[in-house]
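Read-outs throughout are calculated quantities, based only on the coordinates presented, and are distinct from any laboratory measurement. The structure presented is a predicted model; accordingly, all values stated were derived computationally and were not measured. No Cβ is skipped: glycine too gets one built from the backbone with ideal geometry, and neighbour counts run over all protein chains shown.
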Amino acid sequence: MKANDGQQNPLGDLDEWDEFLQQRYPEAETATVKKKAEESDHTYRDYRAEARPSVKEFYRLNHTHQSRDFVKAKQAEYLGLNHRRMGIWEAMEYLNTLVDDSDPDTDLTQIEHLLQTSEAIRADGHPRWFILTGLIHDLGKILCLWGEPQWAVVGDTFPVGCQYSDKVVFPEFFVDNPDYKVAEYQTPNGVYEAGCGLEKVDMSWGHDEYLYHVVKDYLPDEALYMIRYHSFYAAHTEGAYGHLMNDRDRELFAAVRKFNPYDLYSKTPERPDVKTLRPYYEDLIAEYFPPTLRW
Ligand SMILES: [Fe+2]
Ligand SMILES: [Fe+2]
């Protein structure tokens with residue numbers, strides 16, 4: 001599949017999805033939204049009316065094509081980590097070569113976005129591994145550079161092989177997913193066992209799952225959960241899929257929720273000074289990672 005195919009890639013750039021998330025979960029309301037998600041009657045926000053046609057089309061493609069078979073095929077293709085060898089900063093520069101419809105004069109580069117997230121975490125005095133997690137959390141988006149369509153790189157993630165929660169954004173688009181007609185996949189637990197833990201659950205394919213596998217030997221569990229589940233809004237913000245989680249998941253999702261505001265609200269128009277910040281981050285990277293990793 002070609003990356004620059006308008007039909008496969010309705011978003012002008014990947015940030016259009018992030019902007020939609022910010023719209024869906026406005027900063028001032030987030031605390032309330034999160035609290036309400038624990039209770040059954042969630043504050044209703046009409047994200048459907050607010051979504052641009054391109055964003056809707058993006059979710060339609062995502063929900064139609066992210067089947068269990070598709071996920072298994074992408075795991076087989078990528079999880080051998082045989083695509084490239086490179087260090088973390090090199091991967092950041094590689095991600096920066098992603099050319100989309102964004103405007104180079106006004107829009108921030110991918111490196112600038114990553115640094116805004118990590119700098120916001122650093123400014124709040126969080127541990128070094130947390131700052132590093134902010135820096136790298138979206139590096140899995142390099143999947144776009146290998147021809148993966150937007151719907152297989154970004155977007156809210158969800159478990160495959162079990163019933164879709166209506167807490168997943170635009171749940172109506174799942175009717176065209178081939179799994180929708182597989183009875184075994186449409187029970188609450190599907191192919192899984194209740195309380196089996198997310199480790200046993202296959203998530204829709206994207207930048208989160210991919211990066212988790214690249215870095216899983218090098219970071220603490222909290223960081224790995226932040227990376228692996230940061231787009232799993234149905235769970236971390238809406239409270240769905242608790243029946244598949246175990247105690248470890250419940251404990252570590254506190255970290256995912258702690259990370260989320262830095263992901264959603266750290267973007268500002270001011271450009272971070274990449275040159276000045278680089279030595280600090282090169283040191284931080286070297287503290288946790290070898291000079292090259294398998295991607
Ligand atoms: Fe992300
Ligand atoms: Fe992000």
> If you take the beta carbon distance between Asp18 and Asn82 as r and set R0 to 51 Å, what does 1/(1 + (r/R0)^6) give as a FRET efficiency, to the nearest 0.05?
Replying inline: 0.95
> Rounded, prolate or oblate: which fits the stretch 242-295, taking a ≥ b ≥ c as square roots of the Cα gyration tensor eigenvalues, rounded meaning a/c under 1.5, else prolate when a/b beats b/c?
Replying inline: oblate
>> In the stretch 158-181, whose amide N lies under 20 Å from the spot 7 Å out along Cα-to-Cβ of Ala194? List them in ranges.
In response: 159-167
> Which whole-number percent gives the relative contact order of the chain, counting Cα pairs below 8 Å spaced six or more residues apart?
Replying inline: 27
> What order do you get for Trp146, Trp205 when you list them from fewest to most C-beta neighbours inside 10 Å?
Replying inline: Trp146, Trp205
> Once the principal axes of the Cα atoms of the chain are found, what is the range along each, listed largest first in whole angstroms?
Replying inline: 54, 40, 39
>> Rounded to whole Å, give me the distance from the Cα center of the stretch 189-238 to that of the stretch 74-113.
In response: 20
> How much length is gained if the chain between Ala254 and Val274 is pulled fully straight, taking 0.36 nm per residue apart and subtracting their Cα-Cα distance, in nm to one decimal?
Replying inline: 4.1 nm
> If you build a Gaussian network model of the chain, linking Cα atoms that sit under 10 Å apart, which residue out of Tyr218, Tyr210, Tyr164 swings the most?
Replying inline: Tyr218
> Which pairs, out of Lys74/Lys267; Lys167/Lys200; Lys167/Lys216; Lys56/Lys167; Lys56/Lys216, put more than 24 Å between their alpha-carbon atoms?
Replying inline: Lys74/Lys267; Lys167/Lys216; Lys56/Lys216
> So which aspartates and glutamates pass the test for Lys72, namely a Cα distance under 17 Å, with those fewer than 8 places away in the same chain ruled out?
Replying inline: Glu148, Asp179, Glu184, Glu199, Asp202, Asp208, Glu209
> Based on DSSP H runs of at least 4 residues, each adding -39500 (n - 2.57), what is the mean residue ellipticity at 222 nm of the chain after dividing by all its residues, to the nearest 500 deg cm²/dmol?
Replying inline: -14000 deg cm²/dmol
>> When only alpha-carbon atoms are used, what values of Rg and Dmax, in angstrom, describe the stretch 54-130?
In response: 17.0, 43
> Relative to a virtual label point 7 Å from the Cα of Arg294 in the Cα→beta-carbon direction, which members of the stretch 74-100 show backbone nitrogen distances below 11 Å?
Replying inline: 79-85
> Once the dipole of the chain is set up with Lys and Arg at +1 and Asp and Glu at -1 on Cβ about the Cα centre, which of Ile121, Leu108, Tyr233 lies farthest towards its positive end?
Replying inline: Tyr233
> Where nothing but the Cβ of Lys and Arg (+1) and of Asp and Glu (-1) is charged, how large is the charge dipole of the chain around its Cα centre, in debye to the nearest 20?
Replying inline: 560
>> Based only on other Cβ atoms within 10 Å, what is the fewest-to-most ordering of Met203, Met92?
In response: Met203, Met92
> Using the beta-carbon distance between Asp107 and Asp166 and R0 = 30 Å, what value does 1/(1 + (r/R0)^6) give for FRET efficiency, to the nearest 0.05?
Replying inline: 0.35
> What ranking of Tyr280, Tyr180 emerges when the number of other C-beta atoms within 10 Å of each C-beta is taken as an exposure proxy, fewest first?
Replying inline: Tyr280, Tyr180
